[in-house]
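Below is one structure, written out as structure tokens; the observations come after it.
Rule-based calculations on the coordinates, nothing more; no lab input. Keep in mind it's a predicted model, so treat the numbers as computed, not measured. Here the Cβ positions follow ideal geometry from the backbone for every residue, glycine too, while neighbour counts run over all protein chains shown.
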Amino acid sequence: MELFIPFRPMEPKVMENDRIFSNPKYIYEVKWDGIRGIIHSSQGEVKVFNKKMKDKTLQYPELQVFGHLKYDLILDGEIVVLKNALPSFPSVIRRDFAGNSSKIKKLEKTLPITYCIFDIILYNNQFLIQKSWQERQEVLLEVKKDLTTYKNIFFTENFKKGQELFEVIKVKKMEGIVAKDINSSYEIGEKTGRWIKIKYRRKQYCVVCGYTLKNHRPSALLLGVFNDGGQLVFVGRAGSGLTGENFNKLVALSKDLIIDKSPLINPPREKMEYIWLEPRLTILVEYAEWTEEMALRAPVIKGFTNVAPENCTF
């Protein structure tokens, strides 16, 4: 391992239940809904890499503040954009996909980032991956003293009561929490059970923009959500939860809504049979998370709603 050489960070495994809450060797953190950011800093030079080892330095000029530190450093954290004090994944994706300096400069003002630090890998010429999580947190406190004046730098809080934290996350409709073994070393590139992710399945109102056919009946709904510019964006298909009752309701409601052309600005390109609909019907979908392509992961249809289509937004 070397400074400015990207690596795959340690990642948590997903656990479907909350048994981990009763284990006293774990500490609990908020799972920030953003982009993983590994910061390398030395002698005024700063580089930012994501978990896929891609260089994202240009996308986040705010993180050059680490160049003011007088010691070598590698930090692990999450890059987020906050809206109403909560992480907005669609907003941070706009920052992450920005491709030119003028757009990045504009977004730096309209969608400022916060860097949520939760681990440290290198401090003052010493690699810390063999030290325990608890020992690394003690070192991180030393770094925190040098960054107290920067409003866009946040050090993730640690909680002893996982169940209580998870209940707060559910109320705020955030992504979930991470449980960490306080004795765990930092295992480069590993998804280890010593870090565990407990997700909260969130809900999203979507516009039904059409459906696919299989054996002459709808097999999956084509979902859309309006972006900030009022454009209808494709966010994936949902077939799970399409019960007989939902099927009958879809047939009854959509017979007068069939159109020839997709109402989406980015319709799916796979060679399938699509039936497009005027964007009037809305449904409630439960999902695990947003993907980096801004699609719903593991969506499940909960039912049709009376929510107005224009209120189905990111």
> Does anything in the stretch 112-146 have its amide N under 15 Å from the 7 Å Cα→Cβ label point of Val65, and if so which residues?
Replying inline: 112-118, 143-146
> Using 1/(1 + (r/R0)^6) with R0 = 41 angstrom and r between the beta carbons of Glu135 and Ala298, what's the FRET efficiency to the nearest 0.05?
Replying inline: 0.65
> Spin-label point model (7 Å from Cα, Cβ direction): what's the Glu190 to Met1 distance in nm?
Replying inline: 1.2
> What does the charge dipole of the stretch 202-311 about its Cα centre add up to, to the nearest 20 debye, if the Cβ of each Lys and Arg holds +1 and the Cβ of each Asp and Glu holds -1?
Replying inline: 320
> Separation between the Glu273 and Lys25 pseudo-spin-labels, each 7 Å from Cα along Cα→Cβ, expressed in nm?
Replying inline: 5.6
> Length gain on complete extension for the stretch Thr291 to Leu86, per 0.36 nm per residue less the alpha carbon to alpha carbon distance?
Replying inline: 72.0 nm
>> Just want the answer: with Cβ charges of +1 for Lys and Arg and -1 for Asp and Glu, which residue in Ser262, Phe155, Val235 is farthest toward the dipole's positive end in the chain?
In response: Ser262
>> If a paramagnetic tag sat 7 Å from the Cα of Asn158 along the Cα-Cβ line, which residues of the stretch 196-227 would have the backbone N under 20 Å from that point?
In response: 196-198
>> If neighbour count is taken as other Cβ atoms inside 10 Å, put Lys31, Lys249, Lys52 in order from fewest to most.
In response: Lys52, Lys249, Lys31
>> I need to check one value: relative contact order of the stretch 202-311, counting alpha carbon pairs closer than 8 Å and at least 6 residues apart, in percent.
In response: 33
>> What whole-number distance in Å separates the alpha-carbon centres of the stretch 197-248 and the stretch 11-89?
In response: 31
> Too long at a 30 Å Cα-Cα cut-off: which of Lys70/Lys151; Lys52/Lys180; Lys109/Lys180?
Replying inline: Lys109/Lys180
> How many nm is it between the label spots at Thr243 and Ile104, if each spot is 7 Å from the Cα in line with the beta carbon?
Replying inline: 5.0
>> Which lysines, if any, have their Cα less than 17 Å from the Cα of Lys271, not counting same-chain residues under 8 positions apart?
In response: Lys214, Lys261
